[in-house]
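The values are calculated or read from the model by the stated rules, or taken from the named source; none is laboratory data. This structure is a prediction, so every number in the text was calculated from the model and none was measured. Glycine gets a Cβ as well: all are built from the backbone with ideal geometry, and neighbour counts include every protein chain shown. What goes into the accessible areas is simple: the full protein's heavy atoms, side chains included, and nothing from ligands, DNA or RNA. Shrake-Rupley method; radii C 1.70, N 1.55, O 1.52, S 1.80 Å.
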Amino acid sequence: MSTPALSVTDLVKTFDLGFLGSLPGFGGLAARLQIKGIAQRVQAVRGVSFEVQRGEIFGFLGPNGAGKTTTIKMLMGLLRPTSGSGTLLGHPLGHREARQRLGFLPEHPYFYDYLKPMEFLDFYGQLFAMTAKERRQRAAALIERLGLSHAVGRPLRKFSKGMVQRIGIAQALINDPELVVLDEPMSGLDPIGRKDIRDLIFELKQQGKTIFFSTHILQDVEMICDRVAIIINGQMRALGPLTELLQSPTQQVDVVVGRLPEEAARRLEGLAQGTVRLGDAIQFRLGDGADVDTFVGDALGAGGRLVSVVPHRRSLEDLFVAEAKRGAAP
Amino acid sequence: MRQIWAIGLNTFREAIRNRVFASLIMFAMALMLMTLAISSASLHEEERLLKDVGLFLTSTFSVLIAVFVGVNLVYKEIDRKTIFTLIPKPIFRFQFLIGKALGLSLTMLVQVLVMAVVLRLQFLVVDARFGLEMVQALFLVYIEVLVIVGVALLFSSFSTPFLSGMLTLGVFAVGRFVDRLVDLRLKTGGGDRTPELDQVSALMRGVAHILPDLSLYNTTTYVVYDKVIEWSYVAQATGYGLTYMAVCLAVASFFFSRRDFV
Ligand SMILES: Nc1ncnc2c1ncn2[C@@H]1O[C@H](COP(=O)(O)OP(=O)(O)OP(=O)(O)O)[C@@H](O)[C@H]1O
Ligand SMILES: [Mg+2]
């Protein structure tokens, strides 16, 4: 539909540190008075804007300390933006109507020690004003879906890290939300657990829901996201479909040839922009406008065996590192 | 309303299942048994002493537990980040705060009831009268506890648990003598009033008007002399206490609603 599931415009968050800064309302005063040791400010988010369309899986990517959690907390109404604005499901931030249809998993979640899974989910269901029957059915289904059936008798205090993460995801879905915001949903999970969560996110998309999740693990994003935003140092660095972001600025081609005699290999190396030795094969990277046909013919003529010819695709890692470097030297 | 109830019930459940709470009650009960030993050592006066000390311990202990739990109540939710999943739910922040207050009030009700039962048993042992005035007195102890719950939540809405605890205890200590502060007229050693002393007196009187008048809830004289408390007095003290608590919660909600959760 027309309105985006989530949008932010020029979002800024500055933290006031130090003694007075921790008291509400005093931070700004301390900064204005420039009291040393009292007025310390951290610019966690510096003007972030993006939109998440309905029905997409949107990855919010950035290294540690980039400002992902701070941005998400502003979206969830946990922090007041220093400036800027946003919308959730067509309503301004903090609107109750939108929160009724929202699911949220915080970073490193922690829940009530003495509650058992059903009690816990039931409590959260009540906050959404769900009926007792709805709550029971939904909680049971989620416990089953997240593989926690074996732990229904245990209080949350006795849950392992991965189990806490799973019950956290269950609580985020208790109200069958339209928009799901997950802050590092895969953290603390083993490879099987991560795959489970990826599958679950995909399932949610197929049900027509919008998923917004943060991570610094590239693999998670590469496999399931429709679009990503990259945030570094509190600023947006890239935004778009992965295929676009990963397109190489130049048309390079990677040719991999096996069993190439050494002397031919050295000759061909001169024609390539770069080479990588892969066991008994060699990967040649040919630059823009190189004559790939002639190069391949040459290699085969010299006794080599063709393994593959593929247009070079940047990896997300390349992009990430390149953007991070750009951030370090402005 | 349903959401407030859910939060209250959850708070109550957490508190009741917490071992710290259980051990506090045990400790209070042990202390009360000691009163029994002391009072039985004092001949003739034992019944009065038991009533006086028993009521004093019940109220002081309940208030101390209310302060201890109250100042940590909201802080714990923030510190443990459980609040991160509550705030984005479709509830107002004031509903969260009132729910917490409700949960603590329920918890304290259990606490006062347990102490009351212990007291009743003690009275049985020494064959003392446990009349209507005792029930009234214990009820007023509970209302006093509710006032303190409100004060503790108010302070903790903008400061640390330690500072809130100190401030709340201060309010409690001074609050018990507010009735004397209200018409305070300080005099010099020679019995004269000076402008400075008048100013100090005025300031103290001002403070006394803001602090809760907890002397209302000290009904020891009635209990010791087996005199039933007038119902109008009970009603008035209850109305005053609940109003004071409500005002505290309203101010606390104001601070709480503009707070960042980092
Ligand atoms: N309460 C706070 N007070 C002061 N500075 C803060 C606070 N919270 C976050 N910051 C700072 O803001 C910046 C962004 O932090 P944030 O937690 O948003 O990063 P992140 O992208 O979520 O990182 P990670 O991947 O490690 O979770 C960091 O430099 C951090 O030190
Ligand atoms: Mg984070």
Failed condition for B:Asp226, given (1) open to solvent by 30 Å² or more (accessible area, probe 1.4 Å); (2) over 19 Å from B:Arg180 (Cα atoms); (3) modelled with pLDDT of 85 or more: (3)
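Out of the residues in the stretch A:64-89 that are part of a loop (DSSP other than H, G, I, E, B) and more than 10 Å from ligand 2 (Cβ to nearest atom), which is most open to solvent (accessible area, probe 1.4 Å)?
A:Arg80
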Tally of residues being away from ligand 1 (no atom under 16 Å from the Cβ) and either in a loop (DSSP other than H, G, I, E, B) or among the small types (Gly, Ala, Ser) (or both) across the stretch A:180-214: 5
Some residue of the stretch A:76-94 being out of contact with any Asp or Glu (no Cβ under 9 Å at 6 or more places or on another chain) and either at pLDDT below 90 or of a type in the set (Asp, Glu) (or both): yes
Test result for A:Ile217, of a type in the set (A, V, I, L, M, F, W, C), within 15 Å of ligand 1 (Cβ to nearest atom) and open to solvent by 10 Å² or more (accessible area, probe 1.4 Å): yes
Residue satisfying all of: in the stretch A:74-103; basic (Lys, Arg) and without any contact (Cβ under 8 Å) to a residue 24 or more places away in the chain; farthest from B:Pro90 (Cα to Cα) among these: A:Arg80
Candidate set: the stretch A:49-63, residues that are crowded, with 18+ Cβ neighbours inside 10 Å and within 12 Å of ligand 1 (Cβ to nearest atom); chosen: the one farthest from the other protein chains (Cβ to nearest Cβ): A:Leu61
Residue within the stretch A:121-136 that is within 16 Å of ligand 1 (Cβ to nearest atom) and either modelled with pLDDT of 95 or more or not basic (Lys, Arg) (or both) present: no
Residues located in the stretch A:109-124, provided they are more than 7 Å from chain B (Cβ to nearest Cβ) and open to solvent by 40 Å² or more (accessible area, probe 1.4 Å): A:Lys116, A:Met118, A:Glu119, A:Asp122
Some residue of the stretch B:111-124 being farther than 23 Å from B:Ala235 by Cα, outside any helix (DSSP H, G or I) and of a type in the set (D, E, K, R): no
Listing of helices (runs of 4 or more DSSP H) fully contained in the stretch B:1-98 that carry 1 or more residues being more than 9 Å from every other protein chain (Cβ to nearest Cβ): B:2-17, B:19-41, B:46-79
Those residues of the stretch B:225-259 which are of a type in the set (Ser, Thr, Tyr) and in contact (Cβ under 8 Å) with a residue 24 or more places away in the chain, in sequence order: B:Thr238, B:Tyr240, B:Tyr244, B:Ser253, B:Ser257
One residue from B:Leu163, B:Leu109, B:Leu153 being free of Cβ contacts under 8 Å to residues at least 40 places away in the same chain, under 14 Å from the mean Cα position of the chain (by Cα) and more than 21 Å from B:Leu203 (Cβ to Cβ): B:Leu109
Single residue of the stretch B:75-93 satisfying the filter (closer than 15 Å to B:Ser156 by Cβ and of a type in the set (A, V, I, L, M, F, W, C)) that is modelled with the lowest pLDDT: B:Ile78
Residue that is farthest from A:Val321 (Cα to Cα), among those in the stretch A:205-214 that are away from ligand 2 (no atom under 16 Å from the Cβ) and open to solvent by less than 30 Å² (accessible area, probe 1.4 Å): A:Lys209
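Within the stretch A:220-238, which residues are open to solvent by 20 Å² or more (accessible area, probe 1.4 Å) and either within 14 Å of another protein chain (Cβ to nearest Cβ) or more than 16 Å from ligand 1 (Cβ to nearest atom) (or both)? Give the steps one after another, and end with the answer.
Our first condition is that a residue be open to solvent by 20 Å² or more (accessible area, probe 1.4 Å); within the stretch A:220-238, this holds for A:222-223, A:226-227, A:233, A:235-237.
If the condition is that a residue be open to solvent by 20 Å² or more (accessible area, probe 1.4 Å) and either within 14 Å of another protein chain (Cβ to nearest Cβ) or more than 16 Å from ligand 1 (Cβ to nearest atom) (or both), then A:Glu222, A:Met223, A:Asp226, A:Arg227 are the ones that fit.
Looking only at helices (runs of 4 or more DSSP H) that lie completely in the stretch B:137-252, which have at least 2 residues being closer than 28 Å to B:Arg48 by Cβ?
Filter on the stretch B:137-252 gives B:161-175, B:178-181, B:220-224.
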Condition check for A:Leu173: touching a Pro at 6+ places or on another chain (Cβ under 6 Å) and open to solvent by less than 20 Å² (accessible area, probe 1.4 Å): no
